[in-house]
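Down below is the structure, laid out as structure tokens.
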Amino acid sequence: MNFISNLKFYQDDKLSAYLTFFLSILPISLLTGSAIVNLNLLIISLLYLLILLKKKVINLFSDKYFILLLLFWFSLLLNLIFSLNFENSISRAVGFIRFLILALAFKYCFELKNEFYKNIIIKTWSLILAVVIIDLIFEYITGFNTLGYKSYMPGRLAGFLNQELIIGHYFSAFFLIVAVYIYQKYKSQKILLLTLTFFLIISLLIGERGNFLRVLSMIILFVFIVNKNLWYKKLIFLFSFIIIIFGIMSFNINLKYRFYNQFLEPFIKLDIDYITKNNIYFNIYDKGYSVFKENKLFGVGLKNFRIESQKQKYTNENLSVSKYLNTTHPHQVHLEFLSETGIFGYSSFIIFILFSFYYSIKNYFQKGNFYSLASMLFILMSIAPLIPSGSFFTTYGATFFWLNYGIMISKNK
């Protein structure tokens, strides 16, 4: 009977079915390149707008999240007036609407009373992530992945993204959603903890330090939030994590060098000179902050950091690699907003995030939606200060952020 009712639901709402299909294959398109991703986003946007027209949805302005998204987009458009290179910024600012529609499309599908479509999306993502993980394990063992791709950097895995070396960001965007699916399917905390431990190991093997810190933090927060009892078991679980991490590093020279020698050891030894002068990310942060100081109110404009930061006045002679840096963004979301949109754009973003979290946290405690919690933790770690990050405005990074934002603001139990 359940299958028949689901089938009838599908036949009565084919637009939602088509939308579900393209949302389901979004992780596949993210493995193929920006052109395919943007084509997928365009189709999703058109389908969602057709659904609004067909169903004559006229109450969007009563949805607080829609208002928040609209005001945030308007702040980006307003910032265009002050861009140092208007032609360079306009496509990024105007085109950003596709990500906001993506968030609303996920919210729509996850809030449908019949969970048929939501389950299709989650099951498809689980299958895709399983394939990605198998490929990563194959690469870790053999040195190349199933397509023959090989990482150019010792201690990091390439996966299906080849020389991009950002498969860790991809993994961090989906793993906790899949873990929630497994948890809700088997209703077992033991299986949940084993699943999360396995995912943590995969993240460590990928070798991306920033994304590993995000995955580790997301797992710890999730475990401590979903069950307020059994604190001693959670502490044992956390201690086991530490043993597993150092155990794997002790058997892998490249991982030990990347995670311990390059990252942990300077902090343990309080080697301030190394941290501030020789760390490439600190040098990039310094340049981002310097660009902001020269353009405090409205920044240099979207997509203009790559041009402005190359000027000699932003080079810090006290930092060893500052003069050689040539980056497209400051590699930290807060500095990216400050340098490209100034105090005005940064304040708009912070207000948008604070209100979004306020409503979502309130909704979580009312509904107990674990998918919403998983995505909320991803959003939280995406904007964590100091940890290096990809650009907030690129197709790749923005898609991860806004699909999780859409799930975060969905209201179903």
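The values are calculated or read from the model by the stated rules, or taken from the named source; none is laboratory data. Worth saying up front: this structure is predicted, and the values here are computed from it rather than measured. Methodologically, a virtual Cβ is constructed for each residue, glycine included, from the backbone with ideal geometry; neighbour enumeration extends over all protein chains shown.
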Return the total of residues in the stretch 355-379 being in a helix (DSSP H, G or I) and in contact (Cβ under 8 Å) with a residue 24 or more places away in the chain. 16
Can you work out which of the residues in the stretch 333-359 that are in contact with a Ser or Thr (Cβ under 7 Å, 6 or more places away or on another chain) and surrounded by 23 or more Cβ atoms within 10 Å (Cβ to Cβ) is nearest to Gln310 (Cα to Cα)? Glu336
Can you name the helices (runs of 4 or more DSSP H) wholly within the stretch 61-136 that have at least 2 residues being of a type outside the set (Ser, Thr, Tyr) and over 18 Å from Phe22 (Cα atoms)? 64-79, 86-95
Among residues of the stretch 380-395 being over 9 Å from the mean Cα position of the chain (by Cα) and outside any loop (DSSP other than H, G, I, E, B), the residue surrounded by the fewest Cβ atoms within 10 Å (Cβ to Cβ) is Leu380
Considering only the stretch 219-243, state which residues are within 25 Å of the chain's Cα centre (by Cα), modelled with pLDDT of 80 or more and either charged (D, E, K, R) or within 24 Å of Tyr140 (Cα to Cα) (or both). Ile219
Filter pass, Val226 being among the β-branched types (Val, Ile, Thr) and over 19 Å from Arg156 (Cα atoms): yes
Top-ranked residue in the stretch 137-162 [being part of a helix (DSSP H, G or I), of a type outside the set (A, V, I, L, M) and touching a residue at least 12 places away in the same chain (Cβ under 8 Å); ranked as surrounded by the most Cβ atoms within 10 Å (Cβ to Cβ)]: Gly159
